[in-house]
Amino acid sequence: MEIKDFSIDEKALKNLGEGEKPWNTSSSDEDFKKLGKEKVESLRREIIEIKELIKSREKLSKEVFNEADKVKMEVNNFLAETHLSNPNDPQEARDRVTLKQKQVEIAELQLNEKINCWKDIAQLKRDLRDREKELKEKESRLNMLDKILEE
């Protein structure tokens, strides 16, 4: 069995050390800041989207109300224009009752829309408050991290 010399010469030791890179805190600091800023920006975008959804839902509700009001007005106008030509005719009376029932259904639709709109907006506002709270927390943490890294 042959014994070999495994002693390390200084030149090899120097070359070994050159391959290693020291831990650079400034680049890791930048990575932390970048990551934190990305999360903050993401939350800001979510908040903007939720606000837009709230506006869209309110707009949709108004449109539904306006359309329902138009239909109700048309039915009223039709009923006003077409007086009973023969009060004893049961078919005319049934038609008028049917139209009145349609008006009641439209009013029910409007009430349901009002309730559903309120529920949807309440949920969106809850989500908005949660996101705004989360944003404030993340911004606070990011500010604290900035202060710590500056020291």
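Quick check: is even one residue across region 83-101 within 36 Å of the chain's Cα centre (by Cα) and charged (D, E, K, R)? There is no residue in region 83-101 that is within 36 Å of the chain's Cα centre (by Cα) and charged (D, E, K, R). Of the set (1) loosely packed, with under 14 Cβ neighbours inside 10 Å; (2) in contact with a Ser or Thr (Cβ under 8 Å, 6 or more places away or on another chain); (3) at pLDDT below 95; (4) of a type outside the set (Ser, Thr, Tyr), all apply to Asn143 but (2). Taking the listed residues Ala68, Ala93, Ala107, Ala80, the one that is surrounded by 15 or more Cβ atoms within 10 Å (Cβ to Cβ) and either aromatic (Phe, Trp, Tyr) or without any contact (Cβ under 8 Å) to a residue 60 or more places away in the chain (or both) is Ala68, with no other qualifying. Within region 117-146, the set of residues being within 20 Å of Leu53 (Cα to Cα) and touching a helix residue (DSSP H, G or I) at 6+ places or on another chain (Cβ under 8 Å) comprises Cys117, Asp120, Ile121, Leu124, Lys125, Asp127, Leu128, Arg131, Glu132, Glu134, Leu135.
The values are calculated or read from the model by the stated rules, or taken from the named source; none is laboratory data. The structure presented is a predicted model; accordingly, all values stated were derived computationally and were not measured. Methodologically, a virtual Cβ is constructed for each residue, glycine included, from the backbone with ideal geometry; neighbour enumeration extends over all protein chains shown.
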